[in-house]
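Beneath this line is the structure, given in structure tokens, with notes to follow.
The values are calculated or read from the model by the stated rules, or taken from the named source; none is laboratory data. Predicted model only: the values in this text are computed from it and were never measured. For neighbour counting, all protein chains shown are included, and Cβ atoms are generated from backbone atoms with ideal geometry for every residue, glycine included. Please note that ligands, DNA and RNA were not included when accessible areas were found on the heavy atoms of the full protein model with its side chains. Shrake-Rupley method; radii C 1.70, N 1.55, O 1.52, S 1.80 Å.
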Amino acid sequence: MVAVETKRERFVSVDLQKTEEGYNVLRAILKDNPDAKVDEFPGYYKVKHSNKLTIKRETVESFMGRPWDTQEFNLVIISYSGNFAEWDDEKIVIQWDTHM
Amino acid sequence: MAKKKLTLAQKYHIYTRGLDWEPTYVSKKDIYPYAEYEGIKIKDWNKWEDPFRMTVEAYWKYQAEKDRRFYAILDGFIQNQGHLTLSDARYLNSIKLFIQGVTPLEYMAHRGFAFVARHLPGPGPRTAAFFQSMDELRHTQIEVHAGSNFNKYYDGFHSMTLMHDRVWYLSVPKSYFDDAVTAGPFEYVTAISFSFEYALTNLLFVPFMSGAAYNGDTPTMTFGFSAQSDESRHMTLGLQVVKFLLEQHEDNVPIIQRWIDKWWWRGYRLTSLVGAMMDYMLPKRVMSWKESFELYIEDQILEGLFRDLERYGIRPPLHMEQSIKEKEFLSHDVYWILFSFTFAAAFHSWIPKEEEMEWLAEKYPRTFNQYYRWRYEKAKQAKTPLPGDRFYYIGLPQLCQVCQIPMGFTDPDDPNNFVQRYVEYEGEIYHFCSDGCKWIFEQEPEKYVQAWLPVHEIYKGNCFAEPPKGPDDVVPQVLKWYNIQTDNFDYFVSEDYKNWKEWHKDMATVVV
Amino acid sequence: MPVKALYNYKFPPRDRAEVFGDDILVYAYWIDNPFFCSASAWRVPKNMKWKDFVAQIFGQLYGLDPDFKKVKSWKWYHFDQEFNPSDEKTLAELGLRHKSIVKFKPA
Amino acid sequence: MSVQYEIKQKVIEPKRLAFDYLLKRYGNRPASRYEEATVDIQQRENFHYRPTWREGVEIFDVNYSELKLTDYYSFLDPRQYYYYTYNATRAKNYEAVDKYFEFCEERGLFEKVNEDWLKVFNRYFIPLRHLEYAGWILLVGVARFGYGTSITQCAEFNACDKYGNAQLITRIAFELPEPDGDIFENAKKTWLEDKIFQPLREYVEKLLTIQDWGEVLIGQNLAIDVFVNPLVHIELDNLAVENGVTTFSFFSKYFYDMYKDNMRWTEKLFEVLLSDPNYGENNRKFIESKLNYYAGQISKAIDEFADVFKMPKKKGDFKKAKENVLNHAREVYGKLGLNIKI
């Protein structure tokens, strides 16, 4: 018999494409979520936070140098873990434990 | 006077919800006849919250942009003969499995979500399902287009839709989706949006596609990540749907739990093919099946998602603990099956190179050397008359009645044996690879007694291009019916390998 | 628990015994030898003699294992019941039925 | 100074020019992306389980309709839309709409619309969002139950267009002044209660209960669309212009173009159905019998719109408008060689 080894960690995360736009969104996330951590993989970044990630339109715009619609997040996101607690014109919030 | 500016949420609400009306000339039940028989109770469809708020106009715009990027990359790859810069042509065997096994499922998902969009009485989730139906058509088509270029130069890509309907290992994904689309709209959406999209597609699309990037396959990486970006909308639909159903009525809870239990195991068994692709078929590897399982399933799903669902009275899937126990065995078992039966498959397999065995031993310190390495040593000695200096399993395997994979899943408590389960139902015997599959059968035996099991169909004489002229002609006639041409056998005796060597002899000379 | 359906959802099993006529499907499994990645499946006449059945599965498949030759005699199980088949009896006489599994290991 | 890289590559002859099934159909030539994305994509055989929601059919089954084809891929979309070309075309089509909204906002055109006329417009135009929405449901049903990707993909995109239409009507309504309270609630009330919409609503609610996808296409694409689009987007728009309202003509053109675009695949499909070597005759019987019924019903239903032609300034001639609509329908049916009495 082989013993099962398992260690679990709870976090919210978002996987972003390694593109210019993805990188700008990543920088905005790191600015607004100072405790977030990034893991790099071929082709994508995984940004994790123990609790909550916020993506703010204004911050992304400051890195992009142009207007950015929060719906454009669709073009850089690959995947995520958590729940879209909010998604409006100003910001996107990903966290666990939200009701409908 | 100009109207006040509405927020995205308010606007979307009017865009979508206000469109519905209560019919008066016919009964609502006649418009949506499939909404009640599953036993799901809905008190108020308006409680549905749209997480993504995508309008048609935004959909056209962003999806056209995503595809513009994808086709630009694909065209560039084709023009530059990008296939020659792949890490190794062995890599493409995982893409063959993908296009034969996954692409037709994307198509089935497209039609399945059209079903949900047509037949759920709630306009909110129906809208989300409709966009997903569109997305799934997209995925089918970008994958076909990516595969089209490889098809021109390599084997195994030429006939994926026919193969999906016929070839033995493709009955695994096919039966999975056939199971979902024959269920009612609520089960379908729980099965696919929740269990598959939310829990499992990450394994398929994120680490595996990262592997594609690592092996030089930019079109696959692009379609993978681009598809997965739609997928994140789908995951949200899945989560919202399940929470919505759970909140609507307490009677829904046990029904949903049963579906989660069923579809976790069904999907997990299906995804085991990805384990073999990741650990064995990528010449350059990003992470192991076990590592991805820990990250995407144990952390994100068990520790994240299911803790979130506790408050609704939902517990983790029934056989999840078994999946965790299997994580050090699964990919090895599945690759060993694929390896053994490559004489009847539209992809190649090979004995891992020594450095690859070392990687496997390092990633699986408690299982690879102990239970798997010796098989490849023995495979070099146990030659058969078939092409390739190695062993093939010259016979037909016993298949699991539910997942349809050959019954080769190691029992972690007895690692020299495979799990074997069976039940007798109405005078007939049925065999299963696991407690999970057996449990699924016992819940709905009437469904699984119908299974189209490739091995049995061969024995019934239903899988021959022409009647075999003798015992030696049986397999050739099956392969012909499968439309397998020079796609099978060991990689090192394949045309792919021969061509790859030829093309790389003195391929590029750089003149400054 | 039955399948929930909008009509009486009942179909004859696709691989029921009668479909195979005078033949049956029999599975074979070599215990403790995962070199063979799963049990094997065989369509054989019910009246096939035991020795012919064994010759077929060993000759076609299990003999491929380099260790096969080292085995002098085998211990047999029908499902998980130990049994001692005599060579001249038919599968039916030995109690094998459609979709029986025969397991074996070196004695 | 520039550095030149010359990559010397062998010319690699492709092993195959296209997927095997396309080579078998079309001979040894490369396939277009439309063909690759469409032809023979749908699963055909060896389905594992039967649907729990309907007796006697397989997952994909030609028997979901009375209409049949010997080869379902003898129909191909004349527009050659697959996902990318469809979305890219619509994104481009909609760019013009966006620009026009901007223009109207800048010039305050929506606020300037005459209030009396607005009442008429709100009555006949805004409730159409519900009709378009029903069209979406109907067509997505065709996308599920139709046979063969070439047909179902057209239905899927047509469904998306319908939903887009419903949302565009909504977006227009957003921009309008609301002298009489919530424009959407009023529109829904009109749809549910106003006599001009009742026969139309009855028609569409009944059509929503039809399971045969061929019949749905006859009732929707060959009847509703063929009558309602010229009535609203040509006749009523002309009348609006005669009443001095030009703001909405752009949208009418957009909706009408959308209709014409979808008629391209619809007409082609019916042409193929009618000329099928084995099923053509049966298809014709079915189409003519159903279309005689549906066209008759829809023709009667739009008579209620006569009321709308009593415009505030310049009254319209409903009889003449109806004749134009009928002529349009006759032309469509005539082109298909159908014997329809309207």
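For the chain pair D and B, the buried solvent-accessible surface (1.4 Å probe, both sides summed) amounts to about 9100 Å². Restricting attention to the stretch B:427-512, lysine pairs at least eight places apart or on different chains and with alpha-carbon atoms under 17 angstrom apart total 4. How many percent of the alpha carbon pairs in chain D exceed a separation of 40 Å? So the pairs more than 40 Å apart make up 22 percent of the total in chain D.
Over the stretch D:90-239, Cα pairs under 8 Å with separation of 6+ residues give a relative contact order of 27 percent. The calculated FRET efficiency for the pair D:Asn324 and A:Asp39, based on their C-beta separation and a Förster distance of 51 Å, comes to about 0.20. Along the axis of the charge dipole computed for the stretch D:238-330 (Cβ charges of +1 for Lys and Arg, -1 for Asp and Glu, origin at the Cα centre), the listed residues D:Thr246, D:Pro277, D:Ile298 are led at the positive end by D:Thr246.
Ranked from the most accessible area to the least, with a 1.4 Å probe and all protein chains present, what is the order of A:Ile92, B:Ile73?
Accessible-area ranking of A:Ile92, B:Ile73, largest first: B:Ile73, A:Ile92.
Per-residue ellipticity at 222 nm from helix content only, as computed over chain C with -39500 (n - 2.57) for each DSSP H run of at least four residues, stands at -3000 deg cm²/dmol.
Over chain B, dividing the summed -39,500 (n - 2.57) contributions of all DSSP H runs of at least 4 residues by the number of residues returns a 222 nm mean residue ellipticity of -16000 deg cm²/dmol. Legend: residues B:Ser87, A:Ser81, sorted from most to least accessible area (1.4 Å probe; ligands, DNA and RNA excluded), read B:Ser87, A:Ser81. Using the Kirkwood formula over every pair of different C-alpha atoms, what hydrodynamic radius in Å results for the protein assembly as shown? Taking every pair of different Cα atoms in the protein assembly as shown, averaging 1/r and inverting gives 30.9 Å. For chain B, the longest principal axis of the alpha carbon atoms and the long axis of helix B:92-101 meet at an angle near 40°.
In this view, the solvent-accessible surface of B:His319, computed with a 1.4 Å probe and all protein chains in place, comes to about 30 Å².
When only C-alpha pairs under 8 Å and at least 6 residues apart count, what is the relative contact order of chain C, in percent? That works out to 35 percent. Near the amide H of A:Trp96, within less than 5 Å, lie the amide hydrogens of A:Asn83, all on another chain or at least 5 residues away, with H placed in the peptide plane. Remark on C:Trp76: its backbone amide H falls under 5 Å from those of C:Phe83, a criterion applied only to residues 5 or more positions apart or on other chains, H modelled at 1.01 Å from N. 3J(HN,Hα) couplings calculated from phi for the stretch B:182-189 with the Karplus curve 6.51 cos²θ - 1.76 cosθ + 1.60 (θ = phi - 60°) are, in sequence order, 8, 7, x, x, 6, 5, 4, 5 Hz; Gly and Pro show x.
How long are the semi-axes of the equivalent ellipsoid of the stretch C:24-106, defined as square roots of 5 times the Cα gyration tensor eigenvalues? Whole Å, largest first.
They are 19, 13, 13 Å, listed largest first.
Within chain B, the longest segment free of exposed loop sites, counting GluC sites (Glu not before Pro) that fall outside DSSP classes H, G, I, E and B and have at most 13 other Cβ atoms within 10 Å, spans B:1-249.
In sequence order, the stretch B:342-357 has phi-based couplings of 4, 5, 10, 10, 9, 8, 9, 10, 7, 6, x, 5, 4, 5, 6, 4 Hz under the Karplus curve 6.51 cos²θ - 1.76 cosθ + 1.60, θ = phi - 60°, and Gly or Pro positions carry x. Using the Cα gyration tensor of the stretch A:12-95, with a ≥ b ≥ c the square roots of its eigenvalues, what is the shape: rounded (a/c below 1.5), prolate (a/b larger than b/c) or oblate (neither)? Cα axes put the stretch A:12-95 in the rounded bin. For the pair the stretch C:1-15 and the stretch B:210-231, the centres of their Cα atoms are 40 angstrom apart. Taking amide H positions as modeled 1.01 Å from N, with prolines and chain starts lacking one, the residues under 5 Å from C:Ser100 and 5 or more places away or on another chain are C:Tyr27.
Phi-derived couplings, Karplus 6.51 cos²θ - 1.76 cosθ + 1.60 at θ = phi - 60°, listed residue by residue for the stretch D:15-23: 6, 9, 8, 7, 4, 3, 5, 6, 4 Hz, with x used for Gly and Pro. Quick one: which bits of the stretch B:420-439 get at least 30 Å² less accessible when the partner protein chains are in, versus the chain alone, with a 1.4 Å probe? Relative to the lone chain, where solvent access is computed with a 1.4 Å probe, the stretch B:420-439 loses at least 30 Å² at B:Gln420, B:Tyr422, B:Glu428, B:Ile429, B:His431. With Cα atoms defining each centre, the stretch D:170-188 and the stretch B:175-207 are spaced 40 Å apart in the structure. Note on the protein assembly as shown: with charges restricted to the Cβ of Lys and Arg (+1) and Asp and Glu (-1), its dipole about the Cα centre is near 940 debye. Computed with a 1.4 Å probe over protein heavy atoms only, the accessible surface of the stretch B:46-501 comes to 23 Å² per residue.
For chain C, trypsin sites (Lys or Arg not before Pro) are listed when DSSP marks them as loop and at most 15 other Cβ atoms sit within 10 Å of their Cβ; the list is C:Lys10, C:Arg16, C:Lys72, C:Lys89.
Comparing Cα centroids, the stretch B:257-314 and the stretch C:18-78 end up 36 angstrom apart. Here is the interface size for B with A: some 4500 Å² of accessible area buried, both sides summed, with a 1.4 Å probe. Taking trypsin sites (Lys or Arg not before Pro) across the stretch B:232-282, none is in a DSSP loop with at most 13 further Cβ atoms lying within 10 angstrom of its Cβ. Using Cα-only point scatterers and the Debye equation, what is log10 of I(q)/I(0) for the stretch B:46-501 at each q in 0.06, 0.10, 0.14 Å⁻¹, rounded to two decimals? So the normalised log intensities are -0.25, -0.72, -1.47.
Give the calculated FRET efficiency between D:Phe103 and A:Asp88 to the nearest 0.05, with a Förster radius of 22 Å applied to their Cβ-Cβ distance. After rounding, the FRET efficiency stands at 0.20.
Using a 1.4 Å probe, what is the accessible area per residue for the stretch D:96-335, in Å²?
Solvent-accessible surface per residue comes out at 35 Å².
The distance between label points at B:Lys41 and B:Val26 comes to 2.8 nm (points 7 Å beyond Cα on the Cα→Cβ vector). Our summary gives the stretch D:96-335 a relative contact order of 25 percent, counting only alpha carbon pairs under 8 angstrom and 6 or more residues apart. Surface composition of the protein assembly as shown: carbon plus sulfur atoms hold 49% of the accessible area, using a 1.4 angstrom probe and ignoring ligands, DNA and RNA.
Entry comment: accessible area of the stretch C:24-106 is 42 Å² per residue, from protein heavy atoms only and a probe of 1.4 Å. Loop-located chymotrypsin sites (Phe, Trp or Tyr not before Pro) across the stretch D:57-134 with a Cβ neighbour count of 12 or fewer within 10 Å are lacking, with loop assigned by DSSP.
In the structure shown, the pairs A:Lys48/B:Lys61; D:Lys206/D:Lys260; D:Lys290/D:Lys335; A:Lys18/B:Lys61 are assessed against 27 Å; a Cα-Cα span above that value is assigned to A:Lys48/B:Lys61.
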